[in-house]
Amino acid sequence: MLEVETVDRILRLRGDGLPVLSLYVRVDPADRRAFPSRVDEQLHEVRLLAKDTALDRDARLSLRGDIERVEEAVQEERLHPRAVAFFSCSGRGVFEDVELPRPVRDRQVVDETTWVRPLLAVLDEYHRCRVVVADRGRARFFDLYQNEMVECPGRLRDRTLRKPDYAAGMREHTVHNKAELLAKRHYRAVAERLDEEARRHEFDIIAFGGHDHEIPELLDHLPAAVRERVAGTFSVHPGEQDLGRIHRLADQVVERYERAEEQRLVTETLERCSSGGLAVVGLTECLWAGTTAAVNQLLVQDEAVLPGAVCDHDGYLGVEEDRCPVCGRELRRTPDVVDELVQAVIDQGGSVEHVAAETPLRVQVTAATLRFRPPPHPAV
Ligand SMILES: [Zn+2]
């Protein structure tokens, strides 16, 4: 699982005079064995650079170390990533490899700092969920991210008053008040912990599990900034020991939340377009917006694959043309122009959201909000 700390480390990584290698390589699910040779292909340029006497000796040695480290890491067994990103500066003793759940373009960049745009674009789509299973006296916390769930250290166990202690001479309503007081104290402790974790950006959304009749009161104790991150609740016994069950129930909450968010994004973008705002709908318009780097956020129908054409000279993206209307050169045919568009938007610093929910994108395939209105299409 990709930890927040790992991403932080990668973002902060500096060569301090030494080169930093960032390498992204796709894993083709139909041909996993091709992965090492794809990595090798990307390393070719780096090998040339490591021999380039224009670089000083320390830089060349560091790059050689990077190449060795990547070659080692390629041999490691991996589950089912769609791409792997490597970040290395061996002269500073730094190496990170990250498995990505979506494909990215094969690419190597050698620079002063890490090249993280594709990494962040992929991770942006996944919500880090804090799962809380609680009742009036106990609370457990889990981190759910990219389909993996781990329990966070530090369960809360606060004092509860379970059986009325009549022997101690307390009257029933006193016992009740005392029990309520203890429960409120416990709820406040849960709320405080979540508030602190939210401030440290440890999660994006929360899924609450517990007894149906207790959850509303717990939610009432959350500060507004935490409350607005609650994606949903699920019914589970607070003492549930089957973590697989908690995982499944929390997954459903996240799933519903993500589909609803996708629907909201599509609706907003379509409305913006129809009211003449900065948005476009449909593949042809989105391809031109992508060509001109005008895309702010691209919404794309999940799993959509459509053939098209690319100009390798200026990045023109089209569907049916043979020649580039911008420069007149012959276009390269591609089996998946939607993917070319996604990668172009990522390269330009835009964001991408894959839409799996039932929306008009099933027909339109893509829609996008824009940073600016693109110039008129040269073919029109
Ligand atoms: Zn062109």
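The values are calculated or read from the model by the stated rules, or taken from the named source; none is laboratory data. Values in this document were obtained by computation on a predicted structure and should not be read as measured data. Backbone-built Cβ (ideal geometry, glycine too); neighbour counts: all protein chains shown. To get the accessible areas, we keep the full protein, side chains included, count just its heavy atoms, and leave off ligands, DNA and RNA. Shrake-Rupley method; radii C 1.70, N 1.55, O 1.52, S 1.80 Å.
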Check Glu255 against each of (1) in contact with a Cys (Cβ under 8 Å, 6 or more places away or on another chain); (2) not in a strand (DSSP E or B) and name the one condition it does not meet.
(1)
All but one of (1) more than 16 Å from the ligand (Cβ to nearest atom); (2) within 27 Å of Asp28 (Cβ to Cβ); (3) open to solvent by 30 Å² or more (accessible area, probe 1.4 Å); (4) in a loop (DSSP other than H, G, I, E, B) hold for Ala304, so report the exception by its number.
(3)
Close pairs (6 angstrom Cβ cut-off, 6 or more residues apart or separate chains): assigned by TED's automatic domain parsing to the domain that holds Ala304 in segment 319-334, among the hydroxyl-bearing types (Ser, Thr, Tyr) and more than 10 Å from the ligand (Cβ to nearest atom) anywhere:
none
Filter result for Val326 (within 8 Å of the ligand (Cβ to nearest atom) and β-branched (Val, Ile, Thr)):
yes
Is segment 127-143 home to any residue that is over 30 Å from Arg185 (Cβ atoms) and open to solvent by less than 20 Å² (accessible area, probe 1.4 Å)?
no
Test Glu262 against the stated conditions and say whether it is surrounded by 16 or more Cβ atoms within 10 Å (Cβ to Cβ), assigned to a helix (DSSP H, G or I) and out of contact with any Cys (no Cβ under 6 Å at 6 or more places or on another chain).
yes
Just one of the numbered conditions (1) within 16 Å of the ligand (Cβ to nearest atom); (2) touching a strand residue (DSSP E or B) at 6+ places or on another chain (Cβ under 9 Å) is not true of Ala293; which one?
(2)
Members of segment 72-84 found to be among the acidic types (Asp, Glu) and either in a loop (DSSP other than H, G, I, E, B) or in contact (Cβ under 8 Å) with a residue 60 or more places away in the chain (or both), listed by number
Glu76, Glu77
The residue from Glu77, Glu99 that alone is surrounded by 16 or more Cβ atoms within 10 Å (Cβ to Cβ), assigned by TED's automatic domain parsing to the domain that holds Val20, at pLDDT below 95 and among the charged types (D, E, K, R) is Glu99
Any hit, segment 116-132, residues being part of a loop (DSSP other than H, G, I, E, B) and of a type in the set (A, V, I, L, M)
yes
Determine whether segment 337-349 contains at least one residue that is buried (at least 16 other Cβ atoms within 10 Å of the Cβ), part of a strand (DSSP E or B) and away from the ligand (no atom under 16 Å from the Cβ).
no
Hey, can you tell me all the residues within segment 25-71 that are assigned to a loop (DSSP other than H, G, I, E, B), open to solvent by 20 Å² or more (accessible area, probe 1.4 Å) and within 17 Å of Arg82 (Cα to Cα)?
Asp28, Pro29, Ala30, Asp31
Within segment 166-184, does at least one residue satisfy the condition of being modelled with pLDDT of 90 or more and on the phi < 0 side of the Ramachandran plot?
yes
Scanning segment 236-269 for residues that are in contact with a helix residue (DSSP H, G or I) (Cβ under 8 Å, 6 or more places away or on another chain) and modelled with pLDDT of 95 or more gives Val236, Val266
